[in-house]
1. Of the numbered conditions (1) more than 10 Å from chain A (Cβ to nearest Cβ); (2) modelled with pLDDT of 85 or more; (3) surrounded by fewer than 21 Cβ atoms within 10 Å (Cβ to Cβ), residue B:202 satisfies every one except a single condition; which is it?
2. Taking the range D:110-129, which residues are free of Cβ contacts under 8 Å to residues at least 12 places away in the same chain and either over 22 Å from residue D:63 (Cα atoms) or in a helix (DSSP H, G or I) (or both)?
3. Test each condition in (1) surrounded by 22 or more Cβ atoms within 10 Å (Cβ to Cβ); (2) in contact (Cβ under 8 Å) with a residue 60 or more places away in the chain; (3) away from chain B (no Cβ under 14 Å) for residue A:129 and report the one that comes out false.
4. Would you pick out the residues in the range C:150-170 that are touching a helix residue (DSSP H, G or I) at 6+ places or on another chain (Cβ under 8 Å) and over 14 Å from residue C:90 (Cβ atoms)?
5. Among the residues in the range A:62-69, are any more than 14 Å from chain B (Cβ to nearest Cβ), surrounded by fewer than 17 Cβ atoms within 10 Å (Cβ to Cβ) and free of Cβ contacts under 8 Å to residues at least 60 places away in the same chain?
6. If you go through the range D:161-175 one residue at a time, do you hit one that is closer than 17 Å to residue D:69 by Cα, more than 9 Å from every other protein chain (Cβ to nearest Cβ) and buried (at least 20 other Cβ atoms within 10 Å of the Cβ)?
7. Where in the range C:232-322 are the helices (runs of 4 or more DSSP H), entirely inside, with at least 1 residues that are over 26 Å from residue C:76 (Cβ atoms), away from chain D (no Cβ under 14 Å) and modelled with pLDDT of 90 or more?
8. Select from the range A:147-164 the residues that are within 11 Å of another protein chain (Cβ to nearest Cβ) and modelled with pLDDT under 90 and write down the one among them that is farthest from residue A:34 (Cα to Cα).
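The values are calculated or read from the model by the stated rules, or taken from the named source; none is laboratory data. For clarity, every value in this text was computed on a predicted model and none was experimentally measured. In this analysis, Cβ positions are derived from the backbone assuming ideal geometry, glycine residues included, and neighbour counts consider all displayed protein chains.
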């Protein structure tokens, strides 16, 4: 098994007229936190949607665990252990936190087409679901409907639901966007803890948010990779600072 | 001299909601005639929502938005536009089913004194050859110029630009910077939302820092150097 | 955006107690009907439409898929049961099985075609497919064309129950209806039902968890079409004929009306809606075409001001899940 | 061979109605995101308006061609203002349910007063008779219907694709919020667009009155075929709807000649085939 869980070769996506992502060669090392950052309009979200198969690439290939998943459907890729989160909170609003996690647990063990059996048969997952909720600090909210939770908790619930699938690679889309400071620290420590036995590719906007979190950072601007490296080297890199603060104008 | 004149735009206690999420928590700021004012802040702070609330294209809003002495908080967006407010959205909003010429001529003239088309072509020369090509077949930079050009024709004197430099090459950014300073020289009043801090620093007279849907600080352009550290912290760079 | 399945997501958790109580009340009411003055044939016909509406509600109420061609399943099962009973002389139970099987096969074929599109296109495709079936049955020899299949023997069920005897037929129809109602309740509250609920609440998220959503929608369509077939077969015993009106698009519209009036996404809404619409057609028959006008008006009023429907409003008001 | 050309002509005429109606549906769907189930009923009202204008107003066919689309179009705009407007922000399926209710009301009212049979409407004198083209005999009125439909379809295409008013309509279809932020009264544009779509249906009604007789049921079955046409053609482009409408009319005509039993199912069968091959329809705009 190569030590890269995910690799892209010449990944490109053209929309009418201009290419949102052009010729991106990304390599995500196993059991690390890899951050994909860049200012607005850099093509982060397009890149993210290409990797999670919610968008079809115009050119290039995506290799996951040595397998070419370029043409695969989103649901199939999720079954291989590459699971994504969403920027706008992706929970099942009218299901309780426990039920949210259980929907994910249920898929793994196959009886999702059983229309003749009572759903109480799913109660055997409750214990694992409560453990996952506990992992993300939501054990007290198991029976609360997701819609009634504040934003930070919804984000934690989403991560618990993703973890339920025991994914190998978790793709997080701006997990800290729109959060207050105290929530950011909570989610950051949670991601750090998860990274111990999972690989995480995270799209984020700000440099310092990923500073103590990521092992490796790729900076995207205008759909292309500008620079790669760890936080220390990148903060010195003038091109990165300029990409963010922008070049002065004449 | 500027302090004496009444503000062109005066926003007080502005709250706004996207569906159920409460985005603006009481914005207070103003813009005087002829000024270029920039809203700074991190992603999700509510900068774009502020512009959209002023334009009246947000689900629910409360508070006061006075424009040239008119209270616009209750008005539908087409009535606000007719008061002389022009908006250039972050995603630029170029219509794919229209060609460049149709995109350019779409916004109706709401007041005499709009910029004549020849004048627009010398501000944005490369739009001239692309008139018949389809709206979205333009490059990012050309689309941004078209989005600015089409609101100059209408006679509106107050322009709201949402992240005009987003995703653009440095040389294009410089061209847009020159255009904005020429518009400022011609007496347009501009409210700018911009991530590209240095781009905004050279253009704006005053800055407001927005966080979690509120204005938390404000600087004049002269005070920038002194507050660089604080700004970096605010912008989380 | 207020969605068509808002009833199915009650404000508080769906509690079993309310629905069990509701079911018992319904069963008792149905059981005593023959002892009251109510005309049993009216109740039997209404029950068949109630089952038809409950089957339809499984699709629209819980998966958000509006099918405008559900009459093709009602009519198909009715024709097949009528034909096998009258010309092959098979016993009633076998006739019903054949009818339901025919509806099931049709639902697999039409489902596979219609599922490829969503929302308004799905509705138009199902409408066009049922119109295709209408013209096929118009010409097919075995359906008897314009006047359909008449005078079908009711036969005796399991060699003991003589269905030509009104009260016997009545209790058989009630039994079948209650069993089917429980089956639908089971489907909604099964592991499969949980996935349907997740897809309805946030389809992209369900996909990202690895669910092949089209397969679940297709199974929901097949279950709904098959149960609608059961309603068609049962109705044949009550009306003793099978005709083109059962596959006409106005019949598809009627089942939508019944479910909308009663309450999309509620358990008992379709039953209440069916009784109201059948009563309206029966007791206002003397008004001729005005019945269609009234149905149209009820449609408009429900869509504009009464989207939860009767049972939906009651459930919402009393914070119950019905 | 005469019979083949005869059926081809019938196909072209049906195609004209399919084109006019699917064009109206596509314009309305583009702007209001509503499939107008009442479109068939409004087509029927168009024919009845011509009938009333003649019967009670003494105004002949030529007046009807002009006035019916305007009268019924205005009625359509009234419906949009009072009923359809309230559906803003709701699930588009409610639009289908509401307009289905409307279709029932309209059809029920007309059936009450006129029963189900159709009433004749005379072909105007100037368009009586026919001309022998050598390979076939062409009744003038039927030729007229095809030509008028073609002209109106192309004129509508030109209005939408090539004029400033059309640019407003296309832009408002694509991004109504932004167009309104430019100071354009989008709600009014929506009302006018619905009026245009309904006017096209009413015009088709007037054209069809002399051929298909004026009756309450004339629109009901036709609209379901038009739905299939719209599914096949996709609602991506105006010209796509028109071409698909005429093409399917001709194919239906050919089927009547070669295999008559399948004539009223061929459109649905074609829809199934198109869906299996290209789910998003010929013009490819996904739902």
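1. (1)
2. Matches in the range D:110-129: D:112, D:113, D:125, D:126.
3. (2)
4. Correct list: C:151, C:161, C:162, C:166, C:167, C:169, C:170.
5. Within the range A:62-69, one or more residues are more than 14 Å from chain B (Cβ to nearest Cβ), surrounded by fewer than 17 Cβ atoms within 10 Å (Cβ to Cβ) and free of Cβ contacts under 8 Å to residues at least 60 places away in the same chain.
6. No, because not a single residue in the range D:161-175 is closer than 17 Å to residue D:69 by Cα, more than 9 Å from every other protein chain (Cβ to nearest Cβ) and buried (at least 20 other Cβ atoms within 10 Å of the Cβ).
7. Ranges flagged: C:269-283, C:309-317.
8. Among residues in the range A:147-164 that are within 11 Å of another protein chain (Cβ to nearest Cβ) and modelled with pLDDT under 90, the one farthest from residue A:34 (Cα to Cα) is A:148.
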